[in-house]
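Report on the structure given below.
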Amino acid sequence: MTFRVLSSLLIMLMCITQTPCTAEEDLFEEDNRAEWPERSELPLDGENYDEESTEPSSPTSTNLDVLGEQEATVDEIIPIGDENACTVSVTGDVRSYIQSYTESVNGIARRGHGAKDCAGRLSPARTFDIEANLIFEYKCDKSWALVQLQFDNPAGVKESTRTVKELNASGAPECQTQAVCGPFGSGRCDVLCLKKAFWGWNICKQDKTRFDVEIGRRRLYHVFDSVIQFNAIFDGILFRYATEWAGQNIYCNAGALVVDYLADHYAYVAEAGMKNICEGKFDLKYSLIHWQKKGENRAGIHDPCGWRSINSQITFAYRPSIDCLGVPVRFYGAYLYNHAAEGQPYTKNRKLNNAFYVGVSLGEVSKAGEWALDMNYQWVQAQAIADPDVNGIGRGNVLRTVISQNSTFYTPKLAAGNANYKGAKFEFLYAWTDSIQIDTLFEFSRAINPSIGGKLNYNRMKMELIFAF
C-alpha cells in the first residue's frame with residue numbers, strides 16, 4: 001500500500017510541467033507567514049515543567065535568516081554544480097527564557113495556586129528554561145545532510161525533582177523527612193531531543209526544474225505551511241519538485257511518515273503552490289494530509305476517532321507595496337476542513353471540523369537594529385485537527401488530555417484536547433546585535449464551544465534572550 005502511494009506521488013510529480021528556470025533561484029523557498037524564529041521543542045516525558053510544543057523561539061544563526069518556520073531551500077543547503085565542493089559547518093544558539101501562564105477551566109486553576117497535573121506534580125504559573133541548539137550540516141555536490149540536537153532543560157538547582165508522594169513511597173522514615181524538609185530543586189540536566197536528522201539527494205536538475213528526495217526526521221511545520229496544524233514529528237520520506245511556468249514559481253512537496261509502526265499506521269501529506277503571482281505580490285497553496293487509520297490501532301480499535309482526520313488547507317499571502325511604512329508588510333490566512341470528521345456524543349452528533357486563521361506581519365530581521373512584528377487570529381473547532389498535530393495557540397492543556405478519551409460516552413465537559421479554541425497571538429522580535437536577539441510573545445485563547453471541555457481561560461506571556469553563533 002505504502003509503495004503504491006509513493007509510486008503514484010512520484011509519477012504525479014514527474015508529470016508536472018518541465019519549463020526551465022535558473023539554478024540560482026530559491027526553488028524550494030517556503031515563505032511561511034512572517035519570518036519568525038524556529039520554535040523550540042519541549043521534553044515529551046510528561047514533566048510538569050514543560051510548555052506547549054507549539055511555541056516559536058528564535059533564530060539559530062547569526063544573520064537571522066532562519067526566522068522562517070520552514071527549512072531553507074535545497075539550493076541553500078547544497079548549491080549543485082561543483083562536484084568537488086564539500087563542506088561541514090556547525091552553528092547553533094543559546095537561549096534563556098521565562099514564561100507566565102494563566103490556565104483555568106470552569107473557574108478552576110490548572111496552573112499555579114497549588115494546582116497539580118495528573119501525576120500529582122505541581123503545575124507552576126511561571127517557568128524558566130535554558131536551551132541550547134547545535135546544528136551540523138554537511139554539503140557536497142548533489143547530496144546534503146543535517147542534524148540538530150536540542151538541549152532544553154528546566155532551570156533551577158538540581159537537588160530533587162521527585163514529588164513528595166514518590167519520596168514517601170519507600171516507607172523509610174529518613175525518606176519521609178527528606179520529602180517534607182527538602183531540599184527540592186526544579187533543575188534538570190538530561191533533556192535532549194533529536195530535533196532534525198535527515199539527508200537528501202538531488203535526483204535530477206535541468207535548467208529551471210529540479211527534483212529531490214530527503215529521508216529522516218524533522219517536524220511537519222519545517223516543510224508544510226500552516227499556523228494551526230503540522231506540529232507532529234515527520235519521520236519519513238519527502239519528495240520535492242520545483243519549476244517555473246509563465247513567470248510563476250511552482251512547487252510540490254509530498255511524503256509519507258510513520259505514525260505508529262506497532263499498528264502499521266502511516267500518514268501521507270502533500271502541498272502544492274504557486275508563488276510570486278502578479279509580480280511577487282501573491283502566493284497560493286493547497287495542502288492535504290491523511291491521518292486516518294482504517295484498520296485497528298494498538299488497542300484493537302478499528303478506525304480510532306483520535307486519528308479520524310483528513311485535512312485540506314487553502315493558504316494565501318499578499319504583500320502590498322506600502323512605502324510610507326518603510327518595512328515589508330504581509331497579509332496571510334488559511335481555511336482548513338477535516339473531511340473525515342463524524343458526529344460524536346461529545347459534539348451532540350454534529351461535525352465540528354472547520355478552522356481558519358488570518359494575520360499580518362510587519363518588518364523583517366536580518367541584522368542588528370531591525371525588528372519584526374506578527375499578529376494573527378485563530379479559530380479552530382474541536383474536530384478540525386488531530387490533537388498531536390495542533391500547532392496554534394491551543395488551550396494550554398497542562399493535563400495533556402485528548403478529545404477522544406471520552407468519545408464513547410456522553411461526557412462532553414471531559415472531552416478537552418488541544419483544539420476547540422479561538423484566540424489571538426502577538427509576537428515581536430528585535431535584533432539587539434547581529435548575534436543577540438530578544439523575542440517577546442503574548443497569546444490567549446477561549447473555548448469556541450464551552451460545553452466541550454468546559455469554559456476555558458488561557459493566557460501565555462514569554463520573553464526570550466538568544467545568542468546565536
- According to a simple spin-label model (label point 7 Å from Cα along Cα-to-Cβ), what is the distance in nm between MET463 and SER312? 4.6 nm
- Query: What ranking do 210-218, 431-439, 298-306, 364-372 get when scored by the average of other Cβ atoms within 10 Å per residue, highest first?
  - Reply: 210-218, 431-439, 364-372, 298-306
- Rounded Å value of the spacing that divides the Cα centres of region 206-261 and region 79-150: 22 Å
- Message: How much length would be gained if the chain were fully extended between VAL358 and ASP141, taking 0.36 nm per residue of separation minus their Cα-Cα distance, in nm to one decimal?
- Response: 74.1 nm
- For the table LYS208/LYS462; LYS351/LYS425; LYS281/LYS422; LYS196/LYS285; LYS116/LYS293, the rows whose alpha-carbon distance is greater than 32 Å are LYS208/LYS462; LYS116/LYS293
- Estimated inter-spin distance, TYR286 and PHE428, nm [label 7 Å along Cα→Cβ]: 4.0 nm
- Just order 278-286, 341-349 by mean Cβ neighbour count inside 10 Å, highest at the front, would you? 341-349, 278-286
- Message: Give me a comma-separated list of calculated 3J(HN,Hα) values for region 350-367, in order, Karplus coefficients 6.51, -1.76, 1.60 applied at θ = phi - 60°, integers in Hz, x for any Gly or Pro.
- Response: 9, 9, 10, 10, 10, 7, 7, 8, 9, x, 9, 10, 10, x, 8, 10, 9, 7
- Message: Need one word for region 82-136: rounded, prolate or oblate. Basis is the Cα gyration tensor (sqrt eigenvalues a ≥ b ≥ c); a/c below 1.5 gives rounded, then a/b vs b/c decides.
- Response: prolate
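Bear in mind that the values in this text are calculations on the coordinates, not laboratory data. What you see is a predicted model; the values in this text were computed from it and never measured. Don't worry about glycine lacking a Cβ; one is built from the backbone with ideal geometry, like all the others, and counts go over all protein chains shown.
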